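Notes follow once the structure below has been shown.
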């Protein structure tokens, strides 16, 4: 009798579904060979109604796989299945009682490098540089390298205003290595002209050039980079010297007598709020004291990076973390934005490979900062006669490499005009009528197509293709009017 009425009379499927909705039903499971009714249920409710429809079986999938997938979807939407009925004999397993450590156990693949001697080059033997060669027309040198987040993942822990930058201390490391190559024992001057953005994908080629030695033992230095086949950009210039280096600065008694300890609780959270987002490798500040115009600090690389320190003269993350004490101790204000190293003078490294250092930072008469760096025993590691910093705005970051721009998503409210000022089109298919007509209304309102295909990915591709074709046609005609594409929940 039921099926006779089903064939002869109105099915009233929509009325039945709406009646369930009025009773508070929000989750529908289709028991059948496909998902046709699940799609129809969606159309029985007004736009904006939050309902869930899940087909138990799909024509193109094995039944066990489809059924378990359906139960999993229902569980994700808040339904509580009878798991014992679904998996007879299964038992519950307690989760660990500790917080997840997010510790990775993947083996690190060593960076592969060929024998650069086959190309007429010499090995640079440095983590940031791969090859070195003496220039033919002078007694200068050229060192090259390739940086990327894949080969140097620790660089991702140094972001300024949301952009990963090669830290200014890395330029000091490059200059020191260039000085070792050409017999220059210290950096007389190093000026950073342009930030070096490390791209999210791919790499950036480095080129460190050292010129011939003049009568006073000085050599001109420059650091350039480029992405792919883009233009070369100059990031730093400086002067290396083979003359006698300045004497090492002394730290004195440690911990400093009479100095006031600085509370570092939430320090790096505050730095992130100012635009300096440091990851674990660069969060090396351990203790800070303040005394007059001097700030004292203890800095240490994390355990995972300490082993790498031996390959550097002075690990950039270690020296960068030492500079964080300027903000912690009040010698530098971040009110005008992130402050980045700009000009270095009198940089000398006395002992290479440190993983933990003590540092004294002092304000000079010219407003710059002097640094004295020592190891845990107080023996000199490095010193800087003068360091000047500059505020870096967010506007300076996007164009730093290759003219790349950072785009953001912004929603602009748009009020539909009256029917007299706009042409309201029922569907994209109706748009063909406008394509054959002359003239364009001020505003043409078109609903987003629903897309075709049973899978979400297929519908997304279909919608994207139709909308792209529509927008391309609209722009090709250089029309004065505006095209408004209206999307609604459930379009896909």
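What's the number of the only condition in (1) in a helix (DSSP H, G or I); (2) more than 29 Å from the chain's Cα centre (by Cα); (3) modelled with pLDDT of 75 or more that residue 431 fails to meet?
(3)
Got a sec? Which of 285, 301 is under 30 Å from residue 182 (Cα atoms), in contact with a helix residue (DSSP H, G or I) (Cβ under 8 Å, 6 or more places away or on another chain), assigned by TED's automatic domain parsing to the domain that holds residue 383 and surrounded by 20 or more Cβ atoms within 10 Å (Cβ to Cβ)? First the steps, then the outcome.
Details: 285 fails: under 30 Å from residue 182 (Cα atoms).
One residue alone meets the criteria, 301.
Of all residues in segment 343-365, count the ones that are part of a strand (DSSP E or B) and at positive phi. First the steps, then the outcome.
Taking segment 343-365 and keeping what is part of a strand (DSSP E or B), we get 343-349, 356-363.
Next cut, at positive phi only: 346.
Here the count works out to 1.
Tell me, yes or no, whether segment 292-306 has at least one residue that is at pLDDT 95 or above and in a helix (DSSP H, G or I).
No, the conditions are met nowhere in segment 292-306.
Evaluate segment 1-16: report whether one residue or more is closer than 22 Å to residue 456 by Cβ and either in contact (Cβ under 8 Å) with a residue 12 or more places away in the chain or under 41 Å from the mean Cα position of the chain (by Cα) (or both). Full working, then the answer.
Filtering segment 1-16 for residues closer than 22 Å to residue 456 by Cβ gives none.
So far as segment 1-16 goes, no, none of its residues is closer than 22 Å to residue 456 by Cβ and either in contact (Cβ under 8 Å) with a residue 12 or more places away in the chain or under 41 Å from the mean Cα position of the chain (by Cα) (or both).
If you go through segment 125-160, how many residues are free of Cβ contacts under 8 Å to residues at least 12 places away in the same chain, closer than 18 Å to residue 316 by Cα and outside any helix (DSSP H, G or I)?
Number of matching residues: 1.
Taking residue 322 as meeting all but one of (1) surrounded by fewer than 22 Cβ atoms within 10 Å (Cβ to Cβ); (2) under 28 Å from the mean Cα position of the chain (by Cα); (3) at pLDDT 95 or above, write down the number of the exception.
For residue 322, the exception is condition (1).
Kindly establish whether residue 420 is surrounded by fewer than 10 Cβ atoms within 10 Å (Cβ to Cβ) and modelled with pLDDT of 70 or more. Reasoning before the result, please.
Values: surrounded by fewer than 10 Cβ atoms within 10 Å (Cβ to Cβ): yes; modelled with pLDDT of 70 or more: no.
Against the criterion (surrounded by fewer than 10 Cβ atoms within 10 Å (Cβ to Cβ) and modelled with pLDDT of 70 or more), residue 420 does not qualify.
State whether the residues of segment 261-277 include one that is assigned by TED's automatic domain parsing to the domain that holds residue 182, under 21 Å from residue 177 (Cα atoms) and free of Cβ contacts under 8 Å to residues at least 12 places away in the same chain. Give the derivation first.
First, pick out the residues of segment 261-277 that are assigned by TED's automatic domain parsing to the domain that holds residue 182: 261-277.
Checking the rest, the ones that are also under 21 Å from residue 177 (Cα atoms) come to none.
No - not one qualifying residue is present in segment 261-277.
If you go through segment 327-337 one residue at a time, do you hit one that is closer than 28 Å to residue 177 by Cα, touching a strand residue (DSSP E or B) at 6+ places or on another chain (Cβ under 9 Å), in the same structural domain as residue 177 (by TED's automatic domain parsing) and in contact (Cβ under 8 Å) with a residue 24 or more places away in the chain? Let's see the steps before the verdict.
Residues of segment 327-337 that are closer than 28 Å to residue 177 by Cα, as a first pass: none.
Within segment 327-337, not a single residue is closer than 28 Å to residue 177 by Cα, touching a strand residue (DSSP E or B) at 6+ places or on another chain (Cβ under 9 Å), in the same structural domain as residue 177 (by TED's automatic domain parsing) and in contact (Cβ under 8 Å) with a residue 24 or more places away in the chain.
When you check residue 313 against the structure, is it touching a helix residue (DSSP H, G or I) at 6+ places or on another chain (Cβ under 7 Å) and in the same structural domain as residue 383 (by TED's automatic domain parsing), yes or no?
Yes.
Out of all the residues in segment 1-31, which are surrounded by 11 or more Cβ atoms within 10 Å (Cβ to Cβ) and either within 26 Å of residue 68 (Cα to Cα) or touching a strand residue (DSSP E or B) at 6+ places or on another chain (Cβ under 7 Å) (or both)?
17, 20, 21, 25, 26, 27, 28, 29, 30
If we only count helices (runs of 4 or more DSSP H) wholly inside segment 34-104, which ones have 3 or more residues that are out of contact with any helix residue (DSSP H, G or I) (no Cβ under 9 Å at 6 or more places or on another chain)? First the steps, then the outcome.
On the way: elements: 36-42, 63-76, 83-86.
Because the criterion is at least 3 residues that are out of contact with any helix residue (DSSP H, G or I) (no Cβ under 9 Å at 6 or more places or on another chain), the helices (runs of 4 or more DSSP H) in segment 34-104 that meet it are 36-42, 63-76.
Among 199, 212, 231, which is surrounded by 16 or more Cβ atoms within 10 Å (Cβ to Cβ), in a loop (DSSP other than H, G, I, E, B) and in the same structural domain as residue 156 (by TED's automatic domain parsing)?
Working: 212 fails: surrounded by 16 or more Cβ atoms within 10 Å (Cβ to Cβ); 231 fails: surrounded by 16 or more Cβ atoms within 10 Å (Cβ to Cβ).
Residue meeting the stated conditions: 199.
The values are calculated or read from the model by the stated rules, or taken from the named source; none is laboratory data. Just so it is clear, the model here is predicted, and its values are computed rather than measured. Don't worry about glycine lacking a Cβ; one is built from the backbone with ideal geometry, like all the others, and counts go over all protein chains shown.
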